[in-house]
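Here is the structure we will look at.
Read-outs: derived from the displayed coordinates by stated rules, not from any lab. Nothing here was measured: the structure is a model prediction, and the numbers come from that model. Cβ: placed from backbone, ideal geometry, glycine included. Neighbour counts: every protein chain shown.
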Amino acid sequence: MSAVDKAALREAICHAGHRAFQAGLVAANDGNISVRCGDGHYLITPSGVSKGDLTPDMILEIDGAGMPVDGKGKPSVETKMHLGIYETQPDLNAVVHTHAPHCVLLSTMETMLTAPLTADAVVLLGNVPVLPYAQLGTQALADGVAQASADYNAALLQNHGAVTWGRTLQEAWFAMEALEQYCRQLYMQRLLGNPGRLMTRAEADGLVAVRKGRGVTRGGDHMPPEA
Ligand SMILES: [Zn+2]
């Protein structure tokens with residue numbers, strides 16, 4: 001991948017970071033974003049920086065072991081988590097992690113999100129697992145996420161946040177926005193104390209077919225998974 005392409009990817013990461021900050025999906029220095037460059041290297045956000053303040057020169061280029069090859073500063077504390085996805089899923093090229101507030105709330109209440117509440121939830125996400133608590137920055141967290149990335153488009157990290165991935169940065173980013181929206185809707189449903197109407201299995205299956213038609217292989221064959 002040429003230097004020009006990497007410059008464009010740096011800009012795209014900053015754009016996603018700014019959107020995440022403006023949407024309230026990250027606070028302080030939480031969250032991280034990365035992309036696969038295609039030459040064995042990756043671009044990833046630095047540790048300790050607000051995603052609202054990202055500039056292209058802050059983005060680090062790292063090798064497959066997580067060692068910086070270009071840029072100043074320290075790579076994200078969750079670099080292992082990003083690399084675990086890239087190592088195990090060759091078709092995935094971007095990863096987004098945030099501490100989006102409604103995602104965090106739902107991570108403490110559920111073990112798997114399966115309610116076919118909206119078309120966006122079914123098409124952009126599918127079923128979303130909640131991974132049991134693991135301390136930030138650990139290999140245990142990275143391993144759990146890598147495993148989930150084989151079958152799903154997103155995961156909630158218990159008492160921590162959310163992570164999404166995709167073939168492109170836009171796909172990963174859209175999944176994050178859709179996931180926070182979905183969790184917010186589920187949370188509001190709970191506040192109202194009324195489960196409301198969910199789609200029928202047949203209605204949801206029609207939307208699963210739309211997801212598969214886009215070439216997305218993850219997310220499950222049915223939502224909800226059981227009949
Ligand atoms: Zn985090």
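Which trypsin sites (Lys or Arg not before Pro) in segment 20-73 pass both tests, a DSSP loop state and at most 14 other beta-carbon atoms within 10 Å?
Lys72
Using the Cα gyration tensor of segment 136-227, with a ≥ b ≥ c the square roots of its eigenvalues, what is the shape: rounded (a/c below 1.5), prolate (a/b larger than b/c) or oblate (neither)?
Since a/c reaches 1.5 but b/c is at least a/b, the shape of segment 136-227 is classed as oblate.
Could you list the square roots of 5 times each eigenvalue of the Cα gyration tensor of the chain, that is, the equivalent ellipsoid semi-axes, sorted largest first and rounded to whole Å?
On the way: eigenvalues 175, 67, 47 Å².
Square roots of five times the eigenvalues give 30, 18, 15 Å.
Which order do the peptides 52-61, 141-150 take when ranked by the mean count of other beta-carbon atoms within 10 Å per residue, highest first? Could the numbers behind the result be given before it?
On the way: 52-61: 17.4, 141-150: 19.6.
Highest to lowest by the protection proxy: 141-150, 52-61.
Hey, with R₀ at 41 Å, roughly what FRET efficiency would Tyr133 and His15 work out to, going by the Cβ-Cβ distance, to 0.05?
0.85
Report the full-extension gain for the segment Ala150 to Gln22: residue separation times 0.36 nm, less the Cα-Cα distance, to one decimal in nm.
43.1 nm
To the nearest Å, what is the center-to-center distance of segment 101-159 and segment 1-50, using C-alpha atoms only?
21 Å
Treat every Asp and Glu Cβ in segment 3-213 as -1 and every Lys and Arg Cβ as +1, leave all other atoms uncharged, and give the resulting dipole magnitude about the Cα centre to the nearest 20 debye.
Dipole of segment 3-213, to the nearest 20 debye: 440 debye.
Quick check on the chain: helices-only [θ] at 222 nm, where DSSP H runs of length 4 and up contribute -39,500 (n - 2.57) each and the sum goes over total residues. Nearest 500, please.
Details: 6 runs with 84 residues, N = 227.
When only DSSP H runs of four or more count, the value is -12000 deg cm²/dmol.
Given a Förster distance of 30 angstrom, what is the FRET efficiency for Met109 paired with Thr55, based on the Cβ-Cβ distance and rounded to 0.05?
Approximately 0.20, to the nearest 0.05.
Below 13 angstrom from the Cβ of Met58, what's the summed charge of the other residues (Lys, Arg +1; Asp, Glu -1)?
Summing Lys/Arg as +1 and Asp/Glu as -1 gives -1.
Which distance in Å, rounded to a whole number, links the C-alpha centroids of segment 78-96 and segment 160-227?
So the two Cα centres are separated by 21 Å.
Could you derive backbone 3J(HN,Hα) for segment 111-123 from the dihedral phi with the Karplus parameters 6.51, -1.76 and 1.60 (θ = phi - 60°), listing whole Hz in sequence and x where the residue is Gly or Pro?
Along segment 111-123, the couplings run 10, 7, 8, 9, 6, x, 8, 9, 4, 4, 4, 6, 6 Hz.
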